[in-house]
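The values are calculated or read from the model by the stated rules, or taken from the named source; none is laboratory data. No experiment lies behind these values; they were computed from the predicted model shown. Here the Cβ positions follow ideal geometry from the backbone for every residue, glycine too, while neighbour counts run over all protein chains shown.
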Amino acid sequence: MDDNPEPKDLEKRRKFLVLLAVLAASCTYQAGINPPGGFWTDNNDGHRAGYPMFHDEFPHRYMVFFYLNSTAFMSSLAVIMLLVSKRLCQRGINGYLLRGCMLLDLVSLMGAFAAGSCRKVSTSVYAILVVSIVCAYVMVQVLVLTFAKDKSTSIRELQAKHHGQPKPEHKWRKDLILIGTLAVSVTYQAGLLPPGGLWPDDRDGHFISDPILHDTDPPRYKAFFYCNATAFMASVVIVILLLNRTISKYRRSLLPMKTAMVLDLLALLGAYAAGSCRKLKTSIYVFALVIAVFMYIVIHILLSFDKMARLVKKTGEQWIPCLKKMWALIETETPNHHPSSEEEP
């Protein structure tokens with residue numbers, strides 16, 4: 001048993017930061033090379049082929065997206081380079097350098113997502129509102145847990161009480177890290193390049209570089225956008241709470257992180273159901289799967305409570321003998337009428 005848990009703690013944090021930085025760098029690199037809205041294919045009407053449509057149609061929004069996405073990409077690279085060196089890694093994790101870079105990375109990701117995934121006022125307001133709620137929520141968590149240090153029990157103290165044995169909280173954090181980083185990457189890409197593609201021209205009343213699905217099936221697009229944006233922001237909440245050492249080392253921080261994880265997964269289900277289907281038949285099938293998954297989770301949550309589990313067990317014990325008797329009666333019951341065999345001539 002290792003008496004000094006500090007190196008292990010540093011290694012865990014290093015792996016978490018490397019995973020997050022690599023995924024963020026890959027997302028922002030792809031988004032920078034292929035920005036939302038696509039590219040012009042000709043030199044007509046004053047634009048140039050190969051230039052982003054988004055830049056000409058929404059110049060201010062494009063500049064916000066470009067600068068924030070570039071900032072997130074450079075911050076991710078800075079974190080990766082700092083983590084390569086063992087000396088810089090140890091100093092950075094113990095200090096505020098790496099955490100500051102990752103916080104800048106995540107904030108820039110949220111801003112780039114809000115600027116690049118929206119075209120309309122309603123979706124822009126929703127994205128900005130969710131970003132503000134995320135920032136306010138994280139600040140509240142930091143303040144609450146900072147002033148409640150003396151009354152809170154840290155994970156390390158619990159490990160010391162249990163002779164250094166890892167508690168389930170550490171396993172939860174590993175799962176949350178994987179779920180959060182994966183969801184951030186997929187929802188970021190899906191928000192910038194929505195399903196259905198983008199309009200290549202301004203004909204028939206639509207606008208160039210706007211999502212095609214928004215005009216052909218507005219309810220489906222809105223369902224996808226709101227669910228995808230909610231999943232992205234919930235994932236960012238998970239990552240920020242795990243990144244902040246003041247929050248993540250206390251047991252009470254697991255509840256908001258688990259809540260964000262459930263919201264994240266449900267929003268991912270809704271976004272997939274809305275964005276992956278066009279026909280009624282496939283939509284019904286996917287929504288049926290979503291409802292089945294949701295009911296399955298609810299049943300398991302209910303069964304996790306002792307009272308509900310005892311009630312289900314008691315009900316099952318009452319019904320099983322009745323079912324056995326009914327089955328025995330069916331097997332032993334003889335038919336009242338036997339068809340008479342015809343005599344051969």
- Might you check whether a residue that is hydrophobic (A, V, I, L, M, F, W, C) and within 20 Å of residue 237 (Cα to Cα) occurs anywhere in the stretch 32-55? no
- Item | Where a residue in the stretch 117-137 is in a loop (DSSP other than H, G, I, E, B) and its partner, wherever it lies, is small (Gly, Ala, Ser), with Cβ under 8 Å and at least six apart | 117/127; 117/191; 117/229; 118/124; 118/127; 119/209
- Item | Selected residue (criterion: modelled with the highest pLDDT) from residues of the stretch 245-286 that are in the same structural domain as residue 228 (by TED's automatic domain parsing) and aromatic (Phe, Trp, Tyr) | 272
- Flagged in the stretch 30-62 as over 23 Å from residue 184 (Cβ atoms) and hydrophobic (A, V, I, L, M, F, W, C), in numbering order, are 39, 40, 49, 53, 58
- Query: Could you list, in sequence order, the residues of the stretch 48-77 that are assigned to a helix (DSSP H, G or I), of a type outside the set (Asp, Glu) and surrounded by fewer than 19 Cβ atoms within 10 Å (Cβ to Cβ)?
  - Reply: 59, 60, 63, 64, 67, 70, 71, 74, 77
- Query: Quick one: would you say residue 124 is modelled with pLDDT of 65 or more and in contact with a Cys (Cβ under 7 Å, 6 or more places away or on another chain)?
  - Reply: yes
- Message: Just to verify a result, which residue in the stretch 187-212, among those that are part of a helix (DSSP H, G or I) and in contact (Cβ under 8 Å) with a residue 24 or more places away in the chain, is surrounded by the most Cβ atoms within 10 Å (Cβ to Cβ)?
- Response: 188
- Item | From 97, 88, 104, residue being at pLDDT 80 or above and under 27 Å from residue 241 (Cα atoms) | 104
- Query: Which condition number in (1) over 27 Å from residue 106 (Cα atoms); (2) modelled with pLDDT of 70 or more is the one that residue 158 fails?
  - Reply: (2)
- Message: Would you confirm whether or not the stretch 37-47 contains a residue that is within 18 Å of residue 240 (Cα to Cα), at pLDDT 80 or above and crowded, with 17+ Cβ neighbours inside 10 Å?
- Response: no
